[in-house]
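The structure appears below as structure tokens.
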Amino acid sequence: MQPEEVKTLIKGSLSDANVDIFTSDDNMNRHTHYHITVISDAFEGKKLLDQHRIIMDILNEALKVQIHAVKIKTYTHTRAKEQGINFDQNERLRND
């Protein structure tokens, strides 16, 4: 599964989400290890574990066959701003 497909899945479920993904390839040059950062107000008032479960539930089918490992970072828009985490115009993560 390509990173853009993963991003589309997440944004399809969390309409206000900013999503950044980079991958680490396995020995056969397949995208299997995903590092995902999601900023969404859907996480407001939820514990970190519950925020990550939201993302894991969205990726449930892909995790069964196409994604080997995933590292997730989640933020609300307010928390991301407080920590200086933003996205540029190309939706790439940057720290101010």
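The values are calculated or read from the model by the stated rules, or taken from the named source; none is laboratory data. Keep in mind that this is a model prediction, so the values were computed, not measured. Because the Cβ atoms are built from the backbone with ideal geometry, glycine has one as well, and the counts that use them run over all protein chains shown.
Things to note:
- Residue list for segment 34-73, restricted to those being within 12 Å of S13 (Cβ to Cβ) and touching a residue at least 12 places away in the same chain (Cβ under 8 Å): V38, S40, A42, I54, I55, M56, I58, L59
- Restricting attention to segment 29-69, the residues that are at pLDDT below 85, of a type outside the set (K, R), within 15 Å of Q2 (Cβ to Cβ) and not in a helix (DSSP H, G or I) total 7.
- Of all the listed residues (K46, K71), the sole one being among the charged types (D, E, K, R), at negative phi and in contact with a strand residue (DSSP E or B) (Cβ under 6 Å, 6 or more places away or on another chain) is K71.
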